[in-house]
């Protein structure tokens, strides 16, 4: 793959392919220490690879994705993508904003999911800034026009990926609008800390989540209403538990979600500064991922709909529970739920969302 613009020594910018209209999709590699490397492509502002050392210093790629652009174009996968304008589900693909009923694109039955049929994850973003140094970063921008997927307002969106520490990275989202609208952006990596080239499923990964409550769902995976306590349920991850320890318990919520596909209401709600939201450890490799965020919710998704029809890196077919998603965001269906943390954005305001991913090995 030909280098478009070589950088020093912690950043590399290269071509990743061309869209059918000829537009160039680029990949930017950001490097930390000890082989740590994050690669981001401009299609969907998505993480395409993430190399992390284990307890013996061996690096492996730990995120599901594709090796080439053609696979991204063949099927919408959300692998590593920036999701918006409004992540997660909106009931009936509509909501009321300032006494006006807003109809957005329905792409999940009668509901809207992850921004509609053509959300931010399938849009081509532009590189606005690129910097080397001890904390290299790339900033990507996308301007969503008024009415795109039904959402009101022209939304100017920025996402910045930056190396944080020797083996970690941050994601900072910002957005501004010229009309009242709703915004809920998230990052959608599928993680397998054992490495996606050779590892099996993530059911042995030990997970803890800083949440005493979660949102039960109905058969359409929409939240039923008020948060419910996790205590005494398979949703209690207040202490580390293997993801698979209770995933096959006969709990109605696990049946409805085909596993975990639920919002956890993070303790403290939306905060000024990121705080620890979740910790994942893979016992065999020793890799540990800690996630910090300023967001009020975490959607835990155990890869329930990976069905072996998608071929990813190294020609591997991705199957159920091959990865786990930990989507930091506002709560699902927030535009229709005045009792949930608000996702409204008005002109003159700046939407901000900051999350940190820290890696170590034990």
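The values are calculated or read from the model by the stated rules, or taken from the named source; none is laboratory data. Please read all numbers here as calculations on a predicted model, not as lab measurements. A quick note on method: Cβ atoms are made from the backbone with ideal geometry, for glycine too, and the neighbour counts reach across all protein chains shown.
For segment 283-294, what are the residues that are in a loop (DSSP other than H, G, I, E, B) and within 20 Å of residue 328 (Cβ to Cβ)? Steps first, please.
Taking segment 283-294 and keeping what is in a loop (DSSP other than H, G, I, E, B), we get 283-286, 294.
Passing the criteria: only 294.
Just to be sure before I move on: is residue 291 crowded, with 16+ Cβ neighbours inside 10 Å, in contact with a helix residue (DSSP H, G or I) (Cβ under 7 Å, 6 or more places away or on another chain) and within 29 Å of residue 49 (Cβ to Cβ) in the structure I sent? Please lay out each step first, then the result.
Values: crowded, with 16+ Cβ neighbours inside 10 Å: yes; in contact with a helix residue (DSSP H, G or I) (Cβ under 7 Å, 6 or more places away or on another chain): no; within 29 Å of residue 49 (Cβ to Cβ): yes.
Criteria not met by residue 291.
On the given criteria, is residue 340 assigned to a loop (DSSP other than H, G, I, E, B) and buried (at least 21 other Cβ atoms within 10 Å of the Cβ)?
Working: assigned to a loop (DSSP other than H, G, I, E, B): yes; buried (at least 21 other Cβ atoms within 10 Å of the Cβ): yes.
It is true that residue 340 is assigned to a loop (DSSP other than H, G, I, E, B) and buried (at least 21 other Cβ atoms within 10 Å of the Cβ).
Which of the residues spanning segment 164-181 are assigned to a loop (DSSP other than H, G, I, E, B), farther than 30 Å from residue 34 by Cβ and touching a strand residue (DSSP E or B) at 6+ places or on another chain (Cβ under 8 Å)?
Residues of segment 164-181 assigned to a loop (DSSP other than H, G, I, E, B): 164-167, 178-180.
From what's left, farther than 30 Å from residue 34 by Cβ: 178-180.
Passing the criteria: only 180.
Looking only at residues that are farther than 22 Å from residue 291 by Cβ and free of Cβ contacts under 8 Å to residues at least 24 places away in the same chain in segment 236-270, which one is surrounded by the most Cβ atoms within 10 Å (Cβ to Cβ)? Steps first, please.
Filtering segment 236-270 for residues farther than 22 Å from residue 291 by Cβ gives 248-256, 258.
Keeping just the survivors that are free of Cβ contacts under 8 Å to residues at least 24 places away in the same chain gives 248-252, 254-255.
On the way: 248: 11, 249: 11, 250: 7, 251: 14, 252: 9, 254: 21, 255: 11.
Among those residues, the one meeting the criterion is 254.
In this structure, does residue 230 turn out to be crowded, with 24+ Cβ neighbours inside 10 Å and either touching a helix residue (DSSP H, G or I) at 6+ places or on another chain (Cβ under 7 Å) or within 20 Å of residue 337 (Cβ to Cβ) (or both)? Walk me through how you get there before you give the answer.
Details: crowded, with 24+ Cβ neighbours inside 10 Å: no; either touching a helix residue (DSSP H, G or I) at 6+ places or on another chain (Cβ under 7 Å) or within 20 Å of residue 337 (Cβ to Cβ) (or both): yes.
So residue 230 does not fit the description; no.
Which of the residues spanning segment 225-261 are over 22 Å from the mean Cα position of the chain (by Cα), under 24 Å from residue 90 (Cβ atoms) and in a strand (DSSP E or B)?
228
I want to confirm something. Restricting to segment 302-316 and keeping residues that are surrounded by fewer than 15 Cβ atoms within 10 Å (Cβ to Cβ) and under 20 Å from the mean Cα position of the chain (by Cα), which single residue is farthest from residue 190 (Cα to Cα)? Spell out how you get there, then give the answer.
So the first thing to find is which residues in segment 302-316 are surrounded by fewer than 15 Cβ atoms within 10 Å (Cβ to Cβ), and the list is 305, 307-309, 314-315.
Pick out the ones that are also under 20 Å from the mean Cα position of the chain (by Cα) and you get 305, 307.
Values: 305: 12, 307: 14 Å.
Taking the candidates together, the pick is 307.
For segment 297-306, indicate whether the set of residues that are out of contact with any strand residue (DSSP E or B) (no Cβ under 9 Å at 6 or more places or on another chain) and modelled with pLDDT of 95 or more is non-empty.
From segment 297-306, those out of contact with any strand residue (DSSP E or B) (no Cβ under 9 Å at 6 or more places or on another chain) are none; that's our starting set.
Looking for residues that are out of contact with any strand residue (DSSP E or B) (no Cβ under 9 Å at 6 or more places or on another chain) and modelled with pLDDT of 95 or more, one finds none in segment 297-306, hence no.
Just checking, which of 78, 113, 64 is in contact with a helix residue (DSSP H, G or I) (Cβ under 7 Å, 6 or more places away or on another chain) and either modelled with pLDDT of 95 or more or within 19 Å of residue 196 (Cβ to Cβ) (or both)? Steps first, answer last, please.
Details: 113 fails: in contact with a helix residue (DSSP H, G or I) (Cβ under 7 Å, 6 or more places away or on another chain); 64 fails: in contact with a helix residue (DSSP H, G or I) (Cβ under 7 Å, 6 or more places away or on another chain).
Sole residue among the options that is in contact with a helix residue (DSSP H, G or I) (Cβ under 7 Å, 6 or more places away or on another chain) and either modelled with pLDDT of 95 or more or within 19 Å of residue 196 (Cβ to Cβ) (or both): 78.
Could you list, in sequence order, the residues of segment 210-219 that are crowded, with 18+ Cβ neighbours inside 10 Å and part of a loop (DSSP other than H, G, I, E, B)?
As a first pass, look at segment 210-219 and keep what is crowded, with 18+ Cβ neighbours inside 10 Å: 210-211, 214-217.
Those that are crowded, with 18+ Cβ neighbours inside 10 Å and part of a loop (DSSP other than H, G, I, E, B): 210, 215, 216.
Considering only residues that are surrounded by 24 or more Cβ atoms within 10 Å (Cβ to Cβ) and closer than 19 Å to residue 351 by Cα, look in segment 96-115 and name the one that is farthest from the chain's Cα centre (by Cα). Steps first, answer last, please.
Step one: of segment 96-115, the residues surrounded by 24 or more Cβ atoms within 10 Å (Cβ to Cβ) are 104, 112, 114-115.
When the remaining residues are screened for being closer than 19 Å to residue 351 by Cα, the result is 114-115.
Values: 114: 10, 115: 13 Å.
So, considering only residues that are surrounded by 24 or more Cβ atoms within 10 Å (Cβ to Cβ) and closer than 19 Å to residue 351 by Cα, the one farthest from the chain's Cα centre (by Cα) is 115.
If I go through segment 224-235 residue by residue, how many of them are in contact (Cβ under 8 Å) with a residue 24 or more places away in the chain and out of contact with any strand residue (DSSP E or B) (no Cβ under 6 Å at 6 or more places or on another chain)? Steps first, please.
Looking only at segment 224-235, we keep the residues that are in contact (Cβ under 8 Å) with a residue 24 or more places away in the chain, and these are 226-227, 230, 235.
Checking the rest, the ones that are also out of contact with any strand residue (DSSP E or B) (no Cβ under 6 Å at 6 or more places or on another chain) come to 226.
Number of matching residues: 1.
Among 93, 118, 128, which is the only one that is surrounded by fewer than 16 Cβ atoms within 10 Å (Cβ to Cβ) and over 17 Å from the mean Cα position of the chain (by Cα)?
Of the residues listed, the single one that is surrounded by fewer than 16 Cβ atoms within 10 Å (Cβ to Cβ) and over 17 Å from the mean Cα position of the chain (by Cα) is 128.
Give segment 182-209 a look and list any residue that's in a loop (DSSP other than H, G, I, E, B) and surrounded by fewer than 19 Cβ atoms within 10 Å (Cβ to Cβ), or say none.
Residues of segment 182-209 that are in a loop (DSSP other than H, G, I, E, B), as a first pass: 183, 185, 189-190, 192-205.
Within segment 182-209, 197, 198, 200, 203, 204 meet the criteria.
Take the residues of segment 147-163 that are in contact with a strand residue (DSSP E or B) (Cβ under 7 Å, 6 or more places away or on another chain) and assigned to a loop (DSSP other than H, G, I, E, B): which is nearest to residue 107 (Cα to Cα)? If you could, list the steps in order and put the result at the bottom.
We begin by selecting, within segment 147-163, every residue in contact with a strand residue (DSSP E or B) (Cβ under 7 Å, 6 or more places away or on another chain); these are 150-163.
Imposing the further condition that a residue be assigned to a loop (DSSP other than H, G, I, E, B) reduces the set to 151-154.
Numbers: 151: 14, 152: 18, 153: 21, 154: 22 Å.
Ranking the qualifying residues of segment 147-163, first place goes to 151.
For segment 346-355, indicate whether the set of residues that are surrounded by fewer than 16 Cβ atoms within 10 Å (Cβ to Cβ), part of a strand (DSSP E or B) and at pLDDT below 95 is non-empty.
Taking segment 346-355 and keeping what is surrounded by fewer than 16 Cβ atoms within 10 Å (Cβ to Cβ), we get 346-350, 352.
From what is left, the residues that are part of a strand (DSSP E or B) are 352.
So of that shortlist, the ones also at pLDDT below 95 come out as none.
Checked segment 346-355: no residue is surrounded by fewer than 16 Cβ atoms within 10 Å (Cβ to Cβ), part of a strand (DSSP E or B) and at pLDDT below 95.
Is it the case that segment 163-181 has a residue that's touching a residue at least 24 places away in the same chain (Cβ under 8 Å), surrounded by 20 or more Cβ atoms within 10 Å (Cβ to Cβ), under 19 Å from residue 88 (Cβ atoms) and in contact with a helix residue (DSSP H, G or I) (Cβ under 9 Å, 6 or more places away or on another chain)?
No, because not a single residue in segment 163-181 is touching a residue at least 24 places away in the same chain (Cβ under 8 Å), surrounded by 20 or more Cβ atoms within 10 Å (Cβ to Cβ), under 19 Å from residue 88 (Cβ atoms) and in contact with a helix residue (DSSP H, G or I) (Cβ under 9 Å, 6 or more places away or on another chain).
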